[in-house]
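The values are calculated or read from the model by the stated rules, or taken from the named source; none is laboratory data. Owing to the predicted nature of the structure, the values given are computational and were not obtained by experimental measurement. Because the Cβ atoms are built from the backbone with ideal geometry, glycine has one as well, and the counts that use them run over all protein chains shown.
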Amino acid sequence: MYSKVISCGIMGINGILTYVEADSSNGLPNFSMVGNLSSSVKEASDRVRTALKNSNIEIPAKKVTINISPADIRKDGTNYDLPIAIAILKSLEIIKNNNIDDYAFLGEINLSGELIGIRGILSMVSELKKEGVKGVFVPKVNVEEALVVDGIDIIPVVNISEIIDLINNNNFQNKVEKKKIDITKTNNYPYDFQEVNGQIALKRACEVAVAGFHNIIISGPAGTGKTMVAKRIPSIMPDLSLDEAIEITKIYSIAGFLSNGKLETKRPFRSPHHSISVTSFIGGGVYPRPGEISLASQGVLFLDEVPLFSKSAIETLRQPLEDKYITITRLKGSFQYPANFMLVAAMNLCPCGHYPDRNKCRCSEIAIEKYQRGISKPILERIDICAEASSIKYNELAFEMKNETSKEIKERVVKARKIQNERFKKLEKINYNSQMGIKEIKEFCKLSKEDNEYLKKIFHIKKLSARTYHKLLRVARTIADIEESANIEKKHLVEASNYRGLEEHIYA
Ligand SMILES: [Zn+2]
């Protein structure tokens, strides 16, 4: 007999509707599977047959053929175990009801017939809902994640025997999980700028960077708290919207990093080590998974000691820094992962890390220059703000200074973001000041006659290029927005021109 069951696969970070068909007929007992399957899907035949046997289900000796369609999509992963089992059971008439024609099945099965959680549930359930599927059977451990999607019945199940009972007795509707997921933002980010003493200028640079979604590089001697400051940047980013939270959850789920199977409500902070491979950095692999740059999407990608990263890894950042996504090309076509991160880079100023303190640093001038030039120029060009971490002064540590909390800083950031939303609402691809091209800079960064003269002076004294001139105006626009000033004024230009130390130094 022939049967057909709805299921879902993964393409990039989105689900893709698939069907598992089974046909059983008399003939030499045989089990075959077709449909552009990876080895992990092919192995399902052994797992499923053993699981059915261990669930005390007797399988008659028949010729069984399985096909997973559409054939032009490569099927990866272990999520097809359950739909394959259901399709076989239907074709053998062990499952007798036709009440599941509008329902989908997702899940891996172990040899004893228990269901195991899988990656990518959120993406798949979203897609099934979009396709008008009425409900979906999922492993019980995945239920919290599946419940993020509204408007589709979620039926959590534990093992094969339970599913057969539920369907044959037609009472699975009673098992539909009704609990609604509360998506009020918890935003319990564990680090706060209040804990950072001193570094007033650096903290301000971070505020400006977040407000305008500018990439930032922090340079300075070792031990000045560059990492400590960087770690706190997500704490001043605006609260996540539901769409952003869902996107982050999808990525983490597909990567297998979803910590508790719930909606992610914190902005990511990813800090890969400089020895990372290109595949782990940008994503891909035999069973494709998102890389660090996608795991950082909607949050911060922190590259500590950026000159030590391999050139090949750093070069791959060019496309995502422009487009906010990364294209992964594979043998059977290509797909995209989101990569909408804020880049925060940090570096010492010499190999030993103590420069400019010449009492401690014994590096040669040549070594120092070579080290500083280790940051690739095309990447530096995409970083609007170069900030410096200074050695902590004694009085900053010794006396209790009242530090601003992240909440206070965030309030200014949110206001500046609102101004940008209003400014760019008619433009399709621009949301933040950092994304302004020459045309938008001309329109939104007009200066008074005196200020124009002043900028001209800076341009000549600091020997700016056209690119650095535009950077300066973009950053000045953000500083003016933080102060809720409609016009860019001289003081905004002065501050913006201070945020290019490293670049000035290296590529003057
Ligand atoms: Zn040194």
Check: Taking the stated definitions as given, is residue 75 charged (D, E, K, R), within 27 Å of the chain's Cα centre (by Cα) and surrounded by 16 or more Cβ atoms within 10 Å (Cβ to Cβ)?
Finding: yes
Notebook entry, point to check: Across region 58-72, which residue is farthest from residue 24 (Cα to Cα) among those that are aliphatic (A, V, I, L, M) and surrounded by fewer than 18 Cβ atoms within 10 Å (Cβ to Cβ)?
Noted result: 71
Check: Counting just the residues of region 329-376 that are small (Gly, Ala, Ser) and more than 12 Å from the ligand (Cβ to nearest atom), which one comes out nearest to the chain's Cα centre (by Cα)?
Finding: 339
Margin query: Kindly evaluate residue 347 against the criterion of being modelled with pLDDT of 90 or more and in contact with a Pro (Cβ under 6 Å, 6 or more places away or on another chain).
Written below: yes
Checklist line | Residue in region 323-345 that is touching a residue at least 60 places away in the same chain (Cβ under 8 Å), over 30 Å from residue 10 (Cα atoms) and among the hydrophobic types (A, V, I, L, M, F, W, C) present | finding: yes
Margin query: residue 266 - would you say it is within 27 Å of residue 140 (Cα to Cα) and surrounded by fewer than 21 Cβ atoms within 10 Å (Cβ to Cβ)?
Written below: yes
